[in-house]
1. What number of residues within segment 52-91 are out of contact with any strand residue (DSSP E or B) (no Cβ under 8 Å at 6 or more places or on another chain) and touching a residue at least 60 places away in the same chain (Cβ under 8 Å)?
2. Every residue in segment 179-221 that is in contact with a Lys or Arg (Cβ under 8 Å, 6 or more places away or on another chain) and modelled with pLDDT of 95 or more, please.
3. For THR35, state whether it is under 16 Å from TRP7 (Cα atoms) and outside any loop (DSSP other than H, G, I, E, B).
4. The conditions are (1) in a loop (DSSP other than H, G, I, E, B); (2) under 14 Å from ASN185 (Cβ atoms), and GLY138 fails exactly one of them. Which is it?
Amino acid sequence: MTAVQVWLLNGSVTTVLVPVQPDGTFSVTLDAGTTAALARNYSSTIIAQYPAPPDRFAVNYDPASRQITASSAVPDRILKGVNDKQYYPTTQQDYLCQAIDSPGTNNSCTVTFLSGVDAWLDITPIPPGPPGTMTVSGTTSLPAGTPLSLDVATVNTHPTPREYDFSHEYASGSAVVTAGTGGINQYTGTVNTSPLNTGRYFVSVSTGDDNLQANAHAYADVIAPASTQACTKNEINWSELGLPALQVNESLQPVLLAGEVKIVPPGTSTGNNEVPYGSIIDCGEGGICRVFDSSGVQFLAAYDSNEMHQMEVPNGAMIDSASGDNVTFISLNGTVVLTKINECTRGN
C-alpha cells in the first residue's frame, strides 16, 4: 500500500490521494479556506480509505459526473445511498463506509467527524443532588451576551411504556454569557430537574447562535432522597418464585449503579452494576433496590435508577416473567441467573 484515499464530505464530496510513508503513516492538512467553508449546521466527515494491495481502490469519486463509482462487489442499493445528495454527511459516510467495506472489495475505512468551534467553553463540575434545580455554570471565551442552551439527558435510556412522559428523562434551560476579566467570561443558568428520575445524566452546554459555535459536555448524578411514604404495591405471588428467605442488611447504604445491570459469572464482578449469576434484585419502598446472592444474603443496596431498568444478559440467555410482568427471570442453559422483582409501581 503506497497511498490512501481521503474523502471530505461536507455537503459536497472531495477526495485526495495521500502517500503512505515507509513507516506506515500518512497525513493530510485542511487549509484555512477548507475549514472556513465547513458547514455550521451539521458535522462534516473525513474518511480514510485503505485499498486492497497494491493500491486497488474499490470506491472512487468521478469529478466530471459528480458521482461516486464502485466495483461490482458493491451492491447497487448501497451505491445509490452513497450518491443521494439529500443525506447529511453523517448519513452519507455510513453508506460510503458500507460500500468501502463491502465483502469482496478488501478495502477498509476509518471515520473522523468534524465539528467546528469558535471558542472554548468549560463546565464547572456539578455535584450529585436531588431533583429540583440544577445550576450549570462555567467559563468561556465567547463574547458577553452570547446565548447558551443547557440540556440534561439521561445517559442510560431504559424501556418505557408506549405512552411515556419523557420529562422524566430530559430537561433544558438557558444562560447568557456575562463579561469577565482577561478574556475569560462566565455564564450561569439553571435547569428544572424536578421531574427527572434518579440516574446519571449527560449535561451539554452549547451556543444558541449559529454565528458562534462552542460546546462542552459533563456528567451529573440526580438522586432522589429515599421516600418515607408507602409505595403503590404491585401484585406479586411470592410463593411461586421459589426464592430463599431474603436477609435484609439495613446497614448497607444505597449507591448509584455505574451503568446498566450486567449479569456475570461469580468472581468476575468489577463494578457495582455487575451482579453474579443467581442474584436476586428486589426493588421496593423508598426507591431502593436490594441485591441478594443466590442464598438470599443482601450484598448491595442501589437506587432505583434509570440504570437499574436497563440490563445486559449473557449470550444465549432467555427472559421470562411472572406476576403480571412484575417479576423477571433471566435463565441461561436452563438455570435462573437473575430474578428481578418490582415491588412498587414506578411513576410514569
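1. Number of matching residues: 0.
2. Of everything in segment 179-221, those that are in contact with a Lys or Arg (Cβ under 8 Å, 6 or more places away or on another chain) and modelled with pLDDT of 95 or more turn out to be TYR219, ALA220, ASP221.
3. On the way: under 16 Å from TRP7 (Cα atoms): yes; outside any loop (DSSP other than H, G, I, E, B): yes.
In short, yes.
4. (1)
The values are calculated or read from the model by the stated rules, or taken from the named source; none is laboratory data. Fair warning: this is a prediction, and the values are worked out from it, not measured in the lab. A quick note on method: Cβ atoms are made from the backbone with ideal geometry, for glycine too, and the neighbour counts reach across all protein chains shown.
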